[in-house]
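To start, the structure itself, in structure tokens.
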Amino acid sequence: MSDKKLNYLVISSIGSDKPGIVNELAKTCSAHNCNIIDSRMTVLGGEFAVIMMVSGNWDTIAKLEQSLPALSDKLSLTTTVKHTEPREHAVALSYCVNVVAIDNPGIVHDIAQFFSSKNINIDDLVTGTYSAPHTGTQMFNLNLTIRIPAETHLATLREEFMDFCDDLNLDAGIEPVR
């Protein structure tokens, strides 16, 4: 294997939220000549969570991986790493799905099962809750990005999804990613 070939490492960390975590993670990647090519970072409750994929040659990835236990200790993070490959891109269309409903257990499962049954991959999923204005009712919000196989008939899928959402009293929309 050539040192010029890119290697990929997925890093996942979680720990108590405090200022500077993103800075330290980014600084460490940069110091080891690794590039952060994809990441998701958020605060859930009092916990900071990050998952990122970095690229570099074999040597830089190995050195970054060796530095992570000390960085995790310094930042009080629990960290796991996994070597990976770039994603193979099948011919598919990216769509955004938005759902709003009164909060109830099982909404994520119902929606995930709908798309799974259609052989549609979920690329990104973000959920949250909030209090409705005026009533204070606990509301649920879901945003996801899906990859619809090119052979899927879009009008049929949209109609089936909207009927599915109507049956569950979910206010939903599905549209191409822009």
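We did not get these values from a lab; they are worked out from the coordinates using the rules stated. These figures come from a predicted structure and were not determined experimentally. Because the Cβ atoms are built from the backbone with ideal geometry, glycine has one as well, and the counts that use them run over all protein chains shown.
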Using 0.36 nm per residue, how much length does the chain from V43 to D124 gain when fully extended, once their Cα-Cα distance is taken away? 27.5 nm
Simple spin-label estimate for A155/H134, 7 Å along Cα→Cβ, in nm, reads 3.7
What is the extension gain from A112 to D73, computed as 0.36 nm multiplied by their sequence separation minus the C-alpha to C-alpha distance, in nm to one decimal? 10.5 nm
Compute the separation of the alpha-carbon centres of segment 69-97 and segment 42-60 and state it in Å as a whole number. 7
Could you tally the net charge around N98, taking each other residue with its Cβ under 10 Å from the Cβ of N98, Lys/Arg +1 and Asp/Glu -1? -2
Partner lysines for K82 [C-alpha distance under 24 Å; skip if fewer than 8 residues away on the same chain]: K4, K5, K27, K63, K74
For the Cα atoms of the chain, what angle does the longest principal axis make with the long axis of helix 107-117, in degrees from 0 to 90, nearest 10? 90
At q = 0.14, 0.20, 0.24 Å⁻¹, base-10 log of I(q)/I(0) for segment 7-84 (Debye sum, equal scatterers on each alpha carbon): -0.39, -0.80, -1.15
R0 of 25 Å, Cβ-Cβ distance S94-L6: FRET efficiency to nearest 0.05: 0.60
What is the spread of the Cα atoms of the chain along each of their three principal axes, largest first, in whole Å? 53, 43, 24
Using only DSSP helix segments of four residues or longer, with each worth -39500 (n - 2.57), what per-residue ellipticity at 222 nm results for the chain after dividing by its residue count and rounding to 500? -9500 deg cm²/dmol
Let me have the relative contact order for the chain, percent, based on Cα pairs under 8 Å that are six or more residues apart. 22
Could you give log10 I(q)/I(0) at q = 0.20, 0.23, 0.24 Å⁻¹ for segment 92-176, computed by the Debye formula over C-alpha point scatterers of equal weight, without solvent? -0.90, -1.15, -1.24
Step through the residues of segment 22-28 one at a time and calculate ³J(HN,Hα) from phi using the Karplus curve (6.51 cos²θ - 1.76 cosθ + 1.60, θ = phi - 60°), rounding each to whole Hz and writing x for Gly and Pro. 4, 4, 5, 5, 5, 4, 5
